[in-house]
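Report on the following structure.
The values are calculated or read from the model by the stated rules, or taken from the named source; none is laboratory data. The structure presented is a predicted model; accordingly, all values stated were derived computationally and were not measured. Virtual Cβ from ideal backbone geometry, glycine too; neighbours counted across all protein chains shown. All accessible areas refer to the heavy atoms of the entire protein, side chains included, with ligands and DNA or RNA removed. Shrake-Rupley method; radii C 1.70, N 1.55, O 1.52, S 1.80 Å.
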Amino acid sequence: MTFAALGLIEPLQRTLDELDYKIPTPVQAAAIPAVLAGRDLMAAAQTGTGKTAGFALPLLQRLMLEGPVVASNSVRALVLVPTRELAEQVHESFRTYGQHLPLSTFAAYGGVSINPQMMKLRKGVDVLVATPGRLLDLFRQKALKFSQLQTLVLDEADRMLDLGFADELRSIYAALPKKRQTLLFSATFSDAIRVLAEQMLDNPLTIEVSPRNVTASNVKQCVITVDKKRKTELFCHLLKKHSWSHALVFVKTRKGVDELTELLQKQGLNVDGIHGDKPQATRQRALDRFKAREVQILFATDVAARGLDIDDLPLVVNFDLPIVAEDYVHRIGRTGRAGNSGQAISLVCADEVNLLAAIEVLSGQSLKRVEEADFIPEHRVPLIDATGQVLKKSKKPKKPKVVGGGGKKNLGKWLESNEPAEPQVKIVRKIPVFNTGPKKKK
Ligand code: AMP
(Lines give C-alpha, C1' and ligand atoms only; values in the text may rest on other atoms or scores of the structure.)
Protein backbone atom coordinates (compact mmCIF):
# COMPACT_ATOMS: atom_id res chain seq x y z
CA MET A 1 0.00 0.00 0.00
CA THR A 2 1.30 3.47 -0.94
CA PHE A 3 0.09 6.93 0.04
CA ALA A 4 -0.76 7.54 -3.64
CA ALA A 5 -3.24 4.65 -3.48
CA LEU A 6 -5.05 6.39 -0.61
CA GLY A 7 -6.07 9.24 -2.91
CA LEU A 8 -4.14 12.11 -1.33
CA ILE A 9 -3.70 15.27 -3.40
CA GLU A 10 -0.33 16.28 -4.91
CA PRO A 11 0.75 18.90 -2.31
CA LEU A 12 0.29 16.34 0.46
CA GLN A 13 2.09 13.64 -1.54
CA ARG A 14 4.96 16.07 -2.06
CA THR A 15 5.21 16.70 1.69
CA LEU A 16 5.23 12.96 2.38
CA ASP A 17 8.04 12.50 -0.16
CA GLU A 18 10.01 15.27 1.54
CA LEU A 19 9.43 13.66 4.94
CA ASP A 20 10.46 10.32 3.47
CA TYR A 21 7.25 8.63 4.59
CA LYS A 22 7.15 5.72 2.15
CA ILE A 23 4.26 3.58 3.28
CA PRO A 24 1.25 4.38 5.43
CA THR A 25 1.17 2.88 8.91
CA PRO A 26 -1.82 0.57 9.60
CA VAL A 27 -3.82 3.31 11.33
CA GLN A 28 -3.15 5.66 8.41
CA ALA A 29 -4.15 3.04 5.83
CA ALA A 30 -7.45 2.52 7.62
CA ALA A 31 -8.21 6.10 8.71
CA ILE A 32 -7.24 8.17 5.66
CA PRO A 33 -9.81 6.76 3.16
CA ALA A 34 -12.58 6.80 5.80
CA VAL A 35 -11.92 10.42 6.80
CA LEU A 36 -11.69 11.49 3.14
CA ALA A 37 -15.09 9.86 2.58
CA GLY A 38 -16.50 12.00 5.39
CA ARG A 39 -17.10 9.20 7.89
CA ASP A 40 -16.96 9.47 11.65
CA LEU A 41 -14.18 7.45 13.21
CA MET A 42 -13.43 5.80 16.52
CA ALA A 43 -9.82 4.70 16.52
CA ALA A 44 -7.81 2.86 19.15
CA ALA A 45 -4.16 3.15 18.24
CA GLN A 46 -1.04 2.74 20.31
CA THR A 47 1.18 5.77 20.75
CA GLY A 48 3.77 6.11 18.03
CA THR A 49 1.56 4.48 15.41
CA GLY A 50 1.38 7.56 13.20
CA LYS A 51 -2.17 8.47 14.23
CA THR A 52 -1.57 12.23 13.93
CA ALA A 53 -0.92 11.97 10.19
CA GLY A 54 -3.83 9.51 10.10
CA PHE A 55 -6.24 12.34 10.84
CA ALA A 56 -4.25 15.44 9.82
CA LEU A 57 -3.62 14.46 6.18
CA PRO A 58 -7.22 13.68 5.18
CA LEU A 59 -8.52 16.57 7.26
CA LEU A 60 -6.24 19.04 5.47
CA GLN A 61 -7.35 17.60 2.13
CA ARG A 62 -11.03 18.00 2.96
CA LEU A 63 -10.44 21.59 4.05
CA MET A 64 -8.72 22.29 0.72
CA LEU A 65 -11.39 20.71 -1.43
CA GLU A 66 -14.61 21.36 0.47
CA GLY A 67 -16.33 24.17 2.29
CA PRO A 68 -16.13 27.96 2.24
CA VAL A 69 -13.21 30.31 2.92
CA VAL A 70 -12.91 30.77 6.67
CA ALA A 71 -14.85 33.74 8.09
CA SER A 72 -13.66 35.99 10.90
CA ASN A 73 -13.62 34.41 14.36
CA SER A 74 -14.49 31.09 12.76
CA VAL A 75 -12.83 27.71 12.69
CA ARG A 76 -13.32 24.93 10.13
CA ALA A 77 -11.59 22.05 11.92
CA LEU A 78 -11.17 21.79 15.67
CA VAL A 79 -8.71 19.38 17.29
CA LEU A 80 -9.14 18.97 21.05
CA VAL A 81 -6.17 17.63 23.02
CA PRO A 82 -5.61 17.12 26.77
CA THR A 83 -2.39 19.08 27.36
CA ARG A 84 -0.58 22.20 26.25
CA GLU A 85 2.44 20.21 25.14
CA LEU A 86 0.32 17.98 22.97
CA ALA A 87 -1.41 21.05 21.52
CA GLU A 88 1.96 22.42 20.42
CA GLN A 89 3.04 19.08 19.02
CA VAL A 90 -0.16 18.40 17.07
CA HIS A 91 -0.16 21.96 15.78
CA GLU A 92 3.41 21.50 14.59
CA SER A 93 2.34 18.31 12.78
CA PHE A 94 -0.45 20.21 11.00
CA ARG A 95 2.02 22.89 9.95
CA THR A 96 4.42 20.26 8.63
CA TYR A 97 1.84 18.19 6.78
CA GLY A 98 0.10 21.29 5.43
CA GLN A 99 3.24 23.17 4.41
CA HIS A 100 2.31 23.24 0.70
CA LEU A 101 -1.32 24.21 1.31
CA PRO A 102 -2.71 27.74 1.82
CA LEU A 103 -4.48 26.86 5.08
CA SER A 104 -4.11 28.61 8.42
CA THR A 105 -3.51 26.76 11.69
CA PHE A 106 -3.27 27.86 15.31
CA ALA A 107 -2.83 26.35 18.79
CA ALA A 108 -4.69 27.77 21.82
CA TYR A 109 -4.18 26.56 25.38
CA GLY A 110 -4.28 27.82 28.94
CA GLY A 111 -1.42 28.99 31.10
CA VAL A 112 -0.63 31.86 28.72
CA SER A 113 -2.37 35.16 28.09
CA ILE A 114 -5.70 34.88 26.24
CA ASN A 115 -5.56 38.27 24.48
CA PRO A 116 -3.03 37.39 21.76
CA GLN A 117 -5.09 34.27 21.08
CA MET A 118 -8.25 36.37 20.69
CA MET A 119 -6.42 38.70 18.30
CA LYS A 120 -5.17 35.78 16.24
CA LEU A 121 -8.65 34.31 15.94
CA ARG A 122 -10.15 37.54 14.57
CA LYS A 123 -9.31 36.55 11.00
CA GLY A 124 -10.50 32.99 11.60
CA VAL A 125 -8.38 29.85 11.26
CA ASP A 126 -8.83 26.71 9.20
CA VAL A 127 -7.44 24.37 11.87
CA LEU A 128 -7.52 25.16 15.58
CA VAL A 129 -5.76 22.82 18.00
CA ALA A 130 -6.88 23.54 21.56
CA THR A 131 -7.19 22.30 25.09
CA PRO A 132 -10.85 22.14 26.24
CA GLY A 133 -10.71 24.74 29.05
CA ARG A 134 -9.14 27.50 26.97
CA LEU A 135 -11.37 26.72 24.01
CA LEU A 136 -14.45 27.28 26.16
CA ASP A 137 -13.03 30.54 27.51
CA LEU A 138 -12.47 31.76 23.95
CA PHE A 139 -15.96 30.70 22.93
CA ARG A 140 -17.61 32.33 25.95
CA GLN A 141 -15.71 35.56 25.30
CA LYS A 142 -17.09 35.46 21.74
CA ALA A 143 -13.68 35.12 20.15
CA LEU A 144 -14.87 31.96 18.40
CA LYS A 145 -17.87 30.82 16.36
CA PHE A 146 -18.52 27.27 15.31
CA SER A 147 -21.01 27.80 12.47
CA GLN A 148 -18.36 26.85 9.85
CA LEU A 149 -17.09 23.82 11.72
CA GLN A 150 -16.71 20.80 9.40
CA THR A 151 -14.69 18.41 11.54
CA LEU A 152 -14.07 17.83 15.24
CA VAL A 153 -11.15 15.66 16.36
CA LEU A 154 -10.88 14.37 19.93
CA ASP A 155 -7.26 13.30 20.34
CA GLU A 156 -6.21 11.30 23.42
CA ALA A 157 -9.88 11.35 24.39
CA ASP A 158 -9.45 9.06 27.39
CA ARG A 159 -6.79 11.36 28.80
CA MET A 160 -9.14 14.32 28.48
CA LEU A 161 -11.66 12.43 30.62
CA ASP A 162 -8.95 11.37 33.11
CA LEU A 163 -7.96 15.02 33.48
CA GLY A 164 -11.54 15.96 34.34
CA PHE A 165 -12.55 17.64 31.08
CA ALA A 166 -15.91 15.81 30.81
CA ASP A 167 -17.95 18.95 31.62
CA GLU A 168 -15.97 21.09 29.18
CA LEU A 169 -16.45 18.48 26.46
CA ARG A 170 -20.20 18.44 27.11
CA SER A 171 -20.38 22.25 26.87
CA ILE A 172 -18.33 22.28 23.67
CA TYR A 173 -20.45 19.51 22.20
CA ALA A 174 -23.61 21.55 22.87
CA ALA A 175 -22.16 24.55 20.99
CA LEU A 176 -21.13 22.66 17.83
CA PRO A 177 -23.24 22.30 14.68
CA LYS A 178 -25.06 18.97 14.63
CA LYS A 179 -23.95 18.25 11.06
CA ARG A 180 -20.21 17.66 11.25
CA GLN A 181 -17.60 14.95 11.02
CA THR A 182 -16.20 13.67 14.34
CA LEU A 183 -13.03 11.64 14.80
CA LEU A 184 -12.19 10.15 18.18
CA PHE A 185 -8.68 8.88 18.87
CA SER A 186 -7.68 7.20 22.07
CA ALA A 187 -4.76 4.98 22.99
CA THR A 188 -7.05 3.06 25.31
CA PHE A 189 -10.82 2.77 25.48
CA SER A 190 -12.62 2.90 28.79
CA ASP A 191 -16.35 2.52 29.34
CA ALA A 192 -16.57 6.31 29.75
CA ILE A 193 -15.05 6.71 26.30
CA ARG A 194 -17.65 4.42 24.80
CA VAL A 195 -20.38 6.54 26.36
CA LEU A 196 -18.76 9.68 24.92
CA ALA A 197 -18.53 8.02 21.51
CA GLU A 198 -22.21 7.06 21.64
CA GLN A 199 -23.08 10.72 22.22
CA MET A 200 -20.72 12.35 19.78
CA LEU A 201 -20.22 9.96 16.87
CA ASP A 202 -22.60 9.09 14.07
CA ASN A 203 -22.26 5.56 12.69
CA PRO A 204 -18.49 5.59 13.10
CA LEU A 205 -15.99 3.30 11.48
CA THR A 206 -14.19 1.59 14.34
CA ILE A 207 -10.51 0.94 13.90
CA GLU A 208 -8.35 -1.00 16.29
CA VAL A 209 -4.84 -1.49 15.04
CA SER A 210 -3.52 -3.27 18.10
CA PRO A 211 -5.16 -4.96 21.05
CA ARG A 212 -6.57 -2.54 23.51
CA ASN A 213 -4.60 -1.61 26.61
CA VAL A 214 -1.57 -3.66 25.63
CA THR A 215 1.82 -2.10 26.07
CA ALA A 216 4.07 -1.52 23.07
CA SER A 217 5.57 -4.90 22.15
CA ASN A 218 8.98 -3.55 21.19
CA VAL A 219 9.51 -2.07 24.65
CA LYS A 220 11.50 -4.29 26.98
CA GLN A 221 10.05 -3.89 30.45
CA CYS A 222 11.22 -4.77 33.93
CA VAL A 223 10.55 -3.99 37.55
CA ILE A 224 13.38 -3.46 40.03
CA THR A 225 12.19 -4.01 43.58
CA VAL A 226 13.59 -1.63 46.18
CA ASP A 227 12.78 -0.18 49.58
CA LYS A 228 10.93 3.11 49.34
CA LYS A 229 13.55 5.07 51.24
CA ARG A 230 16.31 3.89 48.91
CA LYS A 231 14.69 4.73 45.55
CA THR A 232 16.67 7.91 44.99
CA GLU A 233 19.91 6.18 45.86
CA LEU A 234 19.10 3.30 43.51
CA PHE A 235 18.18 5.68 40.72
CA CYS A 236 21.50 7.54 41.02
CA HIS A 237 23.35 4.21 41.14
CA LEU A 238 21.66 2.92 37.96
CA LEU A 239 22.16 6.21 36.16
CA LYS A 240 25.87 6.02 36.80
CA LYS A 241 26.27 2.30 36.28
CA HIS A 242 24.47 2.19 32.92
CA SER A 243 25.53 5.69 31.81
CA TRP A 244 21.96 6.53 30.84
CA SER A 245 22.34 9.14 28.15
CA HIS A 246 18.73 10.04 27.41
CA ALA A 247 15.87 9.06 29.67
CA LEU A 248 12.41 10.30 30.58
CA VAL A 249 11.74 9.65 34.26
CA PHE A 250 8.21 9.70 35.66
CA VAL A 251 7.73 10.81 39.24
CA LYS A 252 4.42 10.83 41.16
CA THR A 253 4.50 14.32 42.62
CA ARG A 254 5.58 17.79 41.57
CA LYS A 255 7.66 17.99 44.74
CA GLY A 256 9.36 14.74 43.79
CA VAL A 257 10.23 16.11 40.34
CA ASP A 258 11.72 19.26 41.88
CA GLU A 259 13.73 17.35 44.49
CA LEU A 260 15.25 14.91 42.01
CA THR A 261 16.01 17.66 39.50
CA GLU A 262 17.71 19.76 42.15
CA LEU A 263 19.67 16.83 43.55
CA LEU A 264 21.12 15.83 40.22
CA GLN A 265 21.72 19.38 39.07
CA LYS A 266 23.78 19.87 42.22
CA GLN A 267 25.85 16.89 41.12
CA GLY A 268 26.54 18.72 37.88
CA LEU A 269 24.26 16.58 35.72
CA ASN A 270 22.34 17.95 32.81
CA VAL A 271 18.78 17.31 33.97
CA ASP A 272 15.51 19.21 34.00
CA GLY A 273 11.96 18.72 35.25
CA ILE A 274 8.43 19.47 34.06
CA HIS A 275 5.14 19.50 35.93
CA GLY A 276 1.88 21.39 36.04
CA ASP A 277 3.06 24.10 38.46
CA LYS A 278 5.74 25.36 36.10
CA PRO A 279 4.93 28.11 33.62
CA GLN A 280 4.11 26.90 30.14
CA ALA A 281 7.15 28.56 28.56
CA THR A 282 9.49 26.84 31.04
CA ARG A 283 7.88 23.47 30.40
CA GLN A 284 8.12 23.87 26.66
CA ARG A 285 11.75 24.98 26.84
CA ALA A 286 12.69 21.96 28.99
CA LEU A 287 10.89 19.65 26.59
CA ASP A 288 12.50 21.20 23.51
CA ARG A 289 15.94 20.92 25.08
CA PHE A 290 15.29 17.31 26.05
CA LYS A 291 14.12 16.50 22.50
CA ALA A 292 17.27 18.16 21.14
CA ARG A 293 19.30 16.02 23.59
CA GLU A 294 20.64 19.12 25.31
CA VAL A 295 19.11 17.69 28.50
CA GLN A 296 20.08 14.14 29.45
CA ILE A 297 17.37 13.27 31.96
CA LEU A 298 13.91 14.81 32.10
CA PHE A 299 11.87 14.27 35.26
CA ALA A 300 8.14 14.61 34.68
CA THR A 301 4.76 14.10 36.28
CA ASP A 302 2.11 12.49 34.09
CA VAL A 303 1.50 15.80 32.38
CA ALA A 304 4.19 14.68 29.93
CA ALA A 305 2.99 11.12 29.65
CA ARG A 306 0.67 11.35 26.72
CA GLY A 307 1.18 11.87 23.07
CA LEU A 308 4.57 13.51 23.13
CA ASP A 309 6.74 12.42 20.26
CA ILE A 310 10.41 12.22 21.14
CA ASP A 311 12.61 10.70 18.47
CA ASP A 312 14.53 7.58 19.44
CA LEU A 313 14.00 7.83 23.18
CA PRO A 314 15.78 4.71 24.44
CA LEU A 315 14.57 4.62 28.04
CA VAL A 316 11.61 5.43 30.24
CA VAL A 317 12.02 5.06 34.00
CA ASN A 318 9.05 4.91 36.35
CA PHE A 319 10.59 6.29 39.51
CA ASP A 320 7.07 5.86 40.94
CA LEU A 321 4.32 3.74 39.43
CA PRO A 322 1.31 5.67 38.14
CA ILE A 323 -1.88 5.76 40.21
CA VAL A 324 -3.96 5.04 37.10
CA ALA A 325 -2.76 1.80 35.49
CA GLU A 326 -3.53 3.02 31.97
CA ASP A 327 -0.94 5.76 32.44
CA TYR A 328 1.69 3.02 32.52
CA VAL A 329 0.83 2.18 28.91
CA HIS A 330 1.14 5.82 27.92
CA ARG A 331 4.32 6.42 29.86
CA ILE A 332 6.20 3.55 28.33
CA GLY A 333 4.75 4.43 24.93
CA ARG A 334 7.28 7.32 24.90
CA THR A 335 9.93 4.77 23.97
CA GLY A 336 9.97 2.03 21.33
CA ARG A 337 8.29 4.34 18.82
CA ALA A 338 8.17 4.11 15.02
CA GLY A 339 9.59 0.59 15.07
CA ASN A 340 12.58 1.32 17.36
CA SER A 341 13.19 -0.77 20.45
CA GLY A 342 13.12 0.73 23.90
CA GLN A 343 13.37 -0.05 27.59
CA ALA A 344 11.04 0.72 30.45
CA ILE A 345 12.31 0.25 33.99
CA SER A 346 10.06 0.67 37.03
CA LEU A 347 11.43 1.11 40.54
CA VAL A 348 8.82 -0.55 42.74
CA CYS A 349 8.55 -0.66 46.53
CA ALA A 350 6.26 -2.85 48.66
CA ASP A 351 3.71 -0.02 49.05
CA GLU A 352 3.14 -0.05 45.31
CA VAL A 353 2.19 -3.70 44.95
CA ASN A 354 -1.48 -2.94 44.25
CA LEU A 355 -0.53 -0.44 41.55
CA LEU A 356 1.76 -3.08 40.03
CA ALA A 357 -1.04 -5.66 40.14
CA ALA A 358 -3.39 -3.28 38.31
CA ILE A 359 -0.77 -2.67 35.60
CA GLU A 360 -0.14 -6.39 35.15
CA VAL A 361 -3.84 -7.15 34.84
CA LEU A 362 -4.43 -4.26 32.43
CA SER A 363 -1.54 -5.12 30.16
CA GLY A 364 -2.12 -8.87 30.43
CA GLN A 365 1.42 -9.70 31.45
CA SER A 366 3.57 -10.36 34.46
CA LEU A 367 6.44 -7.89 34.45
CA LYS A 368 9.92 -9.32 34.80
CA ARG A 369 11.32 -8.67 38.29
CA VAL A 370 14.98 -7.80 38.58
CA GLU A 371 17.08 -7.23 41.68
CA GLU A 372 20.06 -4.97 42.01
CA ALA A 373 22.86 -6.12 44.30
CA ASP A 374 23.14 -3.89 47.40
CA PHE A 375 19.56 -2.72 46.95
CA ILE A 376 17.66 -5.89 47.77
CA PRO A 377 14.64 -4.63 49.69
CA GLU A 378 14.00 -5.41 53.32
CA HIS A 379 10.30 -5.01 52.58
CA ARG A 380 9.79 -7.49 49.78
CA VAL A 381 7.29 -6.70 47.04
CA PRO A 382 4.74 -9.53 47.25
CA LEU A 383 4.14 -11.75 44.25
CA ILE A 384 1.01 -11.27 42.18
CA ASP A 385 -0.97 -14.03 40.50
CA ALA A 386 -2.46 -14.01 37.02
CA THR A 387 -5.74 -12.50 38.22
CA GLY A 388 -4.00 -9.62 39.99
CA GLN A 389 -4.31 -11.12 43.50
CA VAL A 390 -1.38 -10.30 45.78
CA LEU A 391 0.00 -13.68 46.85
CA LYS A 392 2.41 -13.23 49.71
CA LYS A 393 2.76 -10.71 52.46
CA SER A 394 6.04 -8.78 52.73
CA LYS A 395 8.80 -10.70 54.46
CA LYS A 396 12.37 -9.89 55.23
CA PRO A 397 14.81 -11.87 53.09
CA LYS A 398 16.75 -14.58 54.91
CA LYS A 399 20.01 -13.60 53.29
CA PRO A 400 20.95 -11.25 50.48
CA LYS A 401 20.90 -12.74 47.01
CA VAL A 402 24.06 -13.11 45.01
CA VAL A 403 24.28 -10.93 41.91
CA GLY A 404 22.96 -12.76 38.86
CA GLY A 405 21.99 -15.84 40.86
CA GLY A 406 18.65 -17.31 41.77
CA GLY A 407 15.38 -17.05 39.98
CA LYS A 408 15.39 -13.30 39.61
CA LYS A 409 17.72 -11.61 37.26
CA ASN A 410 20.42 -9.07 37.78
CA LEU A 411 19.65 -5.82 35.96
CA GLY A 412 23.04 -5.51 34.28
CA LYS A 413 22.78 -8.96 32.73
CA TRP A 414 19.18 -8.42 31.76
CA LEU A 415 19.93 -5.13 30.04
CA GLU A 416 22.75 -6.70 28.06
CA SER A 417 20.85 -9.84 27.14
CA ASN A 418 18.91 -10.20 23.92
CA GLU A 419 15.82 -11.57 25.50
CA PRO A 420 12.64 -10.70 23.68
CA ALA A 421 10.29 -8.18 25.20
CA GLU A 422 7.40 -10.64 25.28
CA PRO A 423 5.69 -11.08 28.62
CA GLN A 424 6.74 -14.06 30.76
CA VAL A 425 3.24 -15.07 31.71
CA LYS A 426 0.20 -14.45 29.57
CA ILE A 427 -2.85 -13.75 31.64
CA VAL A 428 -5.86 -15.48 30.20
CA ARG A 429 -8.42 -12.76 30.20
CA LYS A 430 -11.13 -11.81 27.82
CA ILE A 431 -10.30 -8.48 26.24
CA PRO A 432 -13.40 -6.75 24.88
CA VAL A 433 -13.11 -5.86 21.22
CA PHE A 434 -14.74 -2.75 19.85
CA ASN A 435 -14.77 -3.30 16.12
CA THR A 436 -18.22 -4.79 16.27
CA GLY A 437 -19.79 -2.70 13.57
CA PRO A 438 -21.69 0.55 13.34
CA LYS A 439 -22.88 2.38 16.40
CA LYS A 440 -26.37 3.70 16.95
CA LYS A 441 -27.15 7.09 15.50
CA LYS A 442 -28.02 9.55 18.23
P1 AMP B 1 2.36 9.77 16.09
O2 AMP B 1 1.88 8.41 16.52
O3 AMP B 1 1.37 10.47 15.24
O4 AMP B 1 2.84 10.59 17.25
O5 AMP B 1 3.66 9.53 15.12
C6 AMP B 1 4.82 8.92 15.57
C7 AMP B 1 6.02 9.22 14.68
O8 AMP B 1 5.96 8.48 13.47
C9 AMP B 1 6.19 10.67 14.29
O10 AMP B 1 7.53 11.04 14.49
C11 AMP B 1 5.87 10.72 12.80
O12 AMP B 1 6.62 11.72 12.16
C13 AMP B 1 6.27 9.33 12.34
N14 AMP B 1 5.47 8.82 11.21
C15 AMP B 1 4.13 8.91 11.08
N16 AMP B 1 3.71 8.30 9.95
C17 AMP B 1 4.81 7.80 9.35
C18 AMP B 1 5.02 7.05 8.14
N19 AMP B 1 4.02 6.68 7.35
N20 AMP B 1 6.29 6.72 7.82
C21 AMP B 1 7.31 7.08 8.64
N22 AMP B 1 7.19 7.77 9.79
C23 AMP B 1 5.94 8.13 10.15
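Key figures
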| quantity | calculated |
| --- | --- |
| Distance between segment 73-135 and segment 253-301 - C-alpha centres, whole angstrom | 26 |
| Accessible surface, 1.4 Å probe, highest first, among residues His379, His100 | His379, His100 |
| Global geometry of segment 1-98, whether rounded, prolate or oblate, following the gyration tensor of its Cα atoms and the 1.5 cut on a/c | rounded |
| Listed residues Met42, Met1, Met118 arranged by accessible area, highest first, probe 1.4 Å | Met1, Met118, Met42 |
| Amide H contacts of Gln150 (H built 1.01 Å from N, under 5 Å, at least 5 apart or other chain) | Ala77 |
| Nearest-10 value in Å² for the accessible area of Asp385, using the 1.4 Å probe | 50 |
| Carbon/sulfur fraction of accessible area - segment 229-293, other protein chains in place, 1.4 Å, % | 48 |
| Gyration tensor (alpha-carbon) shape descriptor, segment 3-208, a/c threshold 1.5 | oblate |
| Peptides 152-161, 346-355 ordered by average Cβ neighbours within 10 Å, highest first | 152-161, 346-355 |
| Per DSSP, loop GluC sites (Glu not before Pro) in segment 35-136 with at most 14 further Cβ within 10 Å | Glu66 |
| Apportionment of accessible area to carbon and sulfur, segment 3-208, percent (1.4 Å) | 53 |
| Cβ crowding within 10 Å averaged over residues, with 273-280, 318-325, 188-195 ranked highest first | 318-325, 273-280, 188-195 |
